[in-house]
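The values are calculated or read from the model by the stated rules, or taken from the named source; none is laboratory data. Small disclaimer: the values here were computed from a predicted structure and weren't measured. We place every Cβ from the backbone using ideal geometry, glycine too, and count neighbours over all the protein chains shown.
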Amino acid sequence: MIRFEQVGKRYPNGHTGLVDVSFRVHRGEMVFVTGHSGAGKSTLLKLILALEKADAGKILLAGQDISEITHAQIPFLRRQIGVVFQNHRLLPDRSVFENVALPLQILGLSREQMTKRVHAALDKVGLLRKEKCLPQDISTGEQQRVGIARAVVHKPALLLADEPTGNLDPRLAAEIMGLFEDFHRAGTTVLVASHDLALIARMRHRLLTLQRGRIIGDGESG
Ligand code: ADP
Ligand code: ADP
């Protein structure tokens, strides 16, 4: 599903994003990426999303070489991917339903198909009852669940998350990680960047460790 071959990224200000990074993630795998702040976790995710461009090596996503991707191909790439951020970035003046429906609008679905998909996504994160609420009327943990529903509503093959539990207390953080495991069990490839080692250690998945842009570990987290 994801293949990095000797990927390097240096920012124009001289900062090192990634150095000689190679790994493969198989379809359906769940993988954590960890490392201290500045280790390169976000850079790795941004390269997969083609938000940044590698300056060395090769990146393949579902067989497509995204180091050579054109602007016209980027929307098609992103349709295969769902992204969860630390700050869920919900639109404050739209209901939970409308926030989750956003990624579907470009797909040209009928109103009925759209409603069905949004309800299915909200059901998976346990928030069907809150569809009419505004983000400010639900808890932080619930807002993060809405962010996850929005990330999966178009049924992406790959789910990426950047510090998805950063603002949550340990109990809520464990619940959110449990949701990612649910999507993994349902067949989605899941890549979660997190520096919460205590939480990661309680789950048994593959763990890639970055340090100053290099992979220094690839093993079991539990
Ligand atoms: P992490 O997500 O592990 O905290 P990042 O990938 O954000 O790490 O950062 C890796 C390195 O690249 C850091 O030194 C950071 O300052 C630098 N960096 C990240 N994004 C940019 C950017 N847009 N411009 C310049 N330097 C950046
Ligand atoms: P996080 O822990 O969420 O990765 P960071 O502080 O590493 O937070 O980065 C926050 C944002 O700022 C990211 O989008 C990153 O790419 C960008 N960034 C990080 N370092 C720099 C930098 N030196 N110059 C410009 N942008 C940066």
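If you go through region 50-70 and pick out every residue that is within 16 Å of ligand 1 (Cβ to nearest atom) and either under 20 Å from the mean Cα position of the chain (by Cα) or at pLDDT below 90 (or both), you end up with 6. Among the residues of region 65-106, those identified as within 28 Å of ASP137 (Cβ to Cβ), of a type outside the set (Gly, Ala, Ser) and part of a helix (DSSP H, G or I) are VAL96, PHE97, GLU98, ASN99, VAL100, LEU102, PRO103, LEU104, GLN105, ILE106.
Every listed requirement among (1) over 16 Å from VAL192 (Cβ atoms); (2) away from ligand 2 (no atom under 13 Å from the Cβ); (3) within 19 Å of the chain's Cα centre (by Cα); (4) not basic (Lys, Arg) is met by MET30 save one, (1).
Counting only residues that are within 16 Å of ligand 2 (Cβ to nearest atom), on the phi < 0 side of the Ramachandran plot and either of a type in the set (A, V, I, L, M) or touching a His at 6+ places or on another chain (Cβ under 9 Å) (or both), region 44-61 holds 7 of them.
Condition check ((1) closer than 26 Å to GLY57 by Cβ; (2) at pLDDT below 95; (3) surrounded by 13 or more Cβ atoms within 10 Å (Cβ to Cβ); (4) within 16 Å of ligand 2 (Cβ to nearest atom)) across all residues:
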residue: ILE138; (1), (2), (3), (4): no, no, yes, no
residue: GLY141; (1), (2), (3), (4): no, yes, yes, no
residue: ILE148; (1), (2), (3), (4): no, no, yes, no
residue: LEU160; (1), (2), (3), (4): yes, no, yes, yes
residue: ASP169; (1), (2), (3), (4): no, yes, no, no
residue: ARG185; (1), (2), (3), (4): no, no, no, no
residue: GLY222; (1), (2), (3), (4): no, yes, no, no
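Looking across region 132-183, just one residue is acidic (Asp, Glu) and in a strand (DSSP E or B), and that is ASP162. Selection within region 9-27: residues that are away from ligand 2 (no atom under 14 Å from the Cβ) and surrounded by 16 or more Cβ atoms within 10 Å (Cβ to Cβ). The member of this set that is nearest to THR189 (Cα to Cα) is VAL25.
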